[in-house]
Amino acid sequence: MFLTSLTRRLTARRDDDQGMAMVAVIGLMAVGVIVTAVIGSTLAGSLSFTSATRASVQSQASAEAGIAAARAGLIAGTCVSRGGVYENSPGATPVYMATVWVPSGSSWTRGCPTTLTQQVRILSTGESNQPAVGTADFGDETSLEALLSSVAVSSGTVASGPAVYAYNSTGFGGSGTLVSFGGSAPSVLVKTGNVTCSGASAGTADWVVDNGTLSISGSCAINGNVWASGRLTMSGNVPVSGNAVAAGISVSGSSRILGNAWSTADTVLSGGGTYIGGNVTSQSLTMDSSTGIRQNAWIAGATSMTWGSTIDGRLTTRSLTRPNGAGSIGALTVVPSGPGASPYLTPPRPLVPNWVDFAYRASDWTGQTIVTLSTCSVATYTSALATIGANRGVIDARACSNGFVLGGNDKLAMRNDLAVIANKFDLGGSGGFTSTAAAQLRLIIPDSVDNDLPTCPTGGAFGIGGGFSFQTTISTMIYTPCAANIASGLYIKGQLFAGQASLGGSATIAYVPIGLPNVNLSTGESSAGGAETEADRTLVSLRNVQASN
């Protein structure tokens, strides 16, 4: 009995031990399954971001190929036969579709240019060869918009140049507005000096500072792209709606760049709410709390992040400082030797031409009626216009000691294109120019010194008061090597090319390229000869857009 009882107790204990071992084995298997799932999820997420980054680069290149194909077609004269549509051959790569557009009022319509005087818009959508996989939902398609300049008008004058050109940044600024008229894309070009935009500037315009820094603050809003050879500094709560390219970028105080950003030096984001909406390419990156990058960052050097900073896409960098795991990163690649060239290609910077010395030569106005004045008054202006009649004409007022003065309630009625040449303009009161039909008006202070620098004549000045007016049928070109001061409240349909420029208050320039005889204000080169073709169109802007064909 004793042996039987002992045997039964030993058998029961062995069965209990085997059951406990089985529970331990099952527990270890469960932990293994969970660890495997976590690792698999991490690898899948990393693969997804990697594939999306690759897709972004491929679709960008495909869209650029579409732009190139459309430009080649315009030059070859195939636009009409192709219906303004350029696509890759079936089954070929890269995959793209590009369409050609021309101005229609204040917008664009699909079609081919009928003359070189029309601006051209190319809209290209490119697809990636290898779509993104997994949870990433960007990069498979990219749309680009290229705007090409007009080239020439029937008079032989190249309709060229930006909305505002200032050779020197001294006194540059104001809080005026630049808008598009007839589909032409306005831009602000400053050749030399540092630029500060702090007023209530607005409108769709690209800003290019060729030899200086650009500071944006206050209520300045740039609804286009910015380029600066020096540093771009944004403070307060200001937006740049397009891309930004600079030698160093600082964004603070809830300011934001909605497009992509390229910095040949450092990029610093600070202040709550500050962010860059696209991809960032920079030599180094510093992110403060509550700052963000909405897509990817490609950093050649060091990256530093603090708590509350976020990079939604992939960060590729040489090194990362992230105290206690601070910041949030969608995916991370650290290349200790440096990641090499960025896959996000820097967009071409618009050409900022040298100063154009435009002296008065009667030969530039061949076929036009030229009237020379020795005294300037409303009576002599009216007499000159009567002599010109319905012809295109020139009033040469350089001999007037007080310059060309028009004010009070006096208005001059144009019947055709008119150029006024004087060493000084004083336009104010409720004076103005009128025309019952579409006409071009050129107000010119000549630069007689051929040195590629603005040389204002002795006593020269250009001023327009806020009560002065230009009838909306008139497109106005203002050229002066002196400082041009455009007063608040003034509306000008046309462009301004000046040694120095200031656009005040609620003044508005509705950009229409007009140009000057025998010179291309977009390139600074002579345009004499009249042999312009589609190949002479220049690239006004190239940007990523959300629009599709």
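At-a-glance table
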{"read-out": "Candidate set from the stretch 349-378 (those that are of a type in the set (D, E, K, R) and within 35 Å of the chain's Cα centre (by Cα)); member that is most open to solvent (accessible area, probe 1.4 Å)", "value": "Arg349"}
{"read-out": "The listed residue being under 30 Å from Asp452 (Cβ atoms) and out of contact with any helix residue (DSSP H, G or I) (no Cβ under 9 Å at 6 or more places or on another chain), out of Asn194, Asn260", "value": "Asn194"}
{"read-out": "2 or more residues touching a Cys at 6+ places or on another chain (Cβ under 9 Å), open to solvent by less than 20 Å² (accessible area, probe 1.4 Å) and more than 30 Å from Arg314 (Cβ to Cβ): qualifying strands (runs of 3 or more DSSP E) within the stretch 52-121", "value": "95-104"}
{"read-out": "The lone exception for Ile329 - which of (1) closer than 28 Å to Ser143 by Cβ; (2) at pLDDT below 95; (3) over 25 Å from the mean Cα position of the chain (by Cα) it fails", "value": "(2)"}
{"read-out": "Strands (runs of 3 or more DSSP E) contained in the stretch 397-436 and holding at least 1 residues closer than 13 Å to Phe462 by Cα, open to solvent by less than 10 Å² (accessible area, probe 1.4 Å) and not basic (Lys, Arg)", "value": "404-406, 418-421, 424-427"}
{"read-out": "Cβ pairs under 7 Å, 6+ apart, first in the stretch 242-269 and of a type in the set (Asp, Glu), second open to solvent by 30 Å² or more (accessible area, probe 1.4 Å) and part of a loop (DSSP other than H, G, I, E, B)", "value": "Asp266/Gln283"}
{"read-out": "Enumeration of residues in the stretch 229-238 that are open to solvent by 10 Å² or more (accessible area, probe 1.4 Å) and within 15 Å of the chain's Cα centre (by Cα)", "value": "Ser229"}
{"read-out": "Number of the exception - Asn211 against (1) part of a loop (DSSP other than H, G, I, E, B); (2) at pLDDT below 90; (3) open to solvent by 40 Å² or more (accessible area, probe 1.4 Å)", "value": "(2)"}
{"read-out": "Any hit, the stretch 335-347, residues being in contact with a Leu (Cβ under 7 Å, 6 or more places away or on another chain) and closer than 30 Å to Tyr165 by Cα", "value": "yes"}
{"read-out": "Gly459 small (Gly, Ala, Ser), in contact with a Ser or Thr (Cβ under 9 Å, 6 or more places away or on another chain) and open to solvent by less than 50 Å² (accessible area, probe 1.4 Å)", "value": "no"}
{"read-out": "Residue in the stretch 383-393 that is among the charged types (D, E, K, R), open to solvent by 80 Å² or more (accessible area, probe 1.4 Å) and modelled with pLDDT under 95 present", "value": "no"}
{"read-out": "So Ser475, is it modelled with pLDDT of 90 or more and open to solvent by 10 Å² or more (accessible area, probe 1.4 Å)", "value": "yes"}
{"read-out": "The stretch 255-267: number of residues that are open to solvent by less than 40 Å² (accessible area, probe 1.4 Å) and more than 18 Å from the chain's Cα centre (by Cα)", "value": "2"}
{"read-out": "Subset of the stretch 214-228 [open to solvent by less than 20 Å² (accessible area, probe 1.4 Å), more than 17 Å from Ser270 (Cα to Cα) and aliphatic (A, V, I, L, M)]", "value": "Leu214, Ile222, Val226, Ala228"}
{"read-out": "Enumeration of residues in the stretch 478-501 that are at pLDDT below 90 and surrounded by fewer than 22 Cβ atoms within 10 Å (Cβ to Cβ)", "value": "Asn485, Ala487, Ser488, Gly489, Tyr491"}
{"read-out": "Matching residues in the stretch 269-303 - criterion: being open to solvent by 40 Å² or more (accessible area, probe 1.4 Å) and within 15 Å of Leu332 (Cβ to Cβ)", "value": "Gln295, Trp298, Ala302"}
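The values are calculated or read from the model by the stated rules, or taken from the named source; none is laboratory data. The shown structure was predicted, so the numbers you read here are calculated from the model rather than taken from an experiment. Here Cβ is always computed from backbone atoms with ideal geometry, including for glycine, and neighbour counts include all displayed protein chains. The protein model used for the area step is the full one, side chains on, heavy atoms only, and it has no ligands, DNA or RNA in it. Shrake-Rupley method; radii C 1.70, N 1.55, O 1.52, S 1.80 Å.
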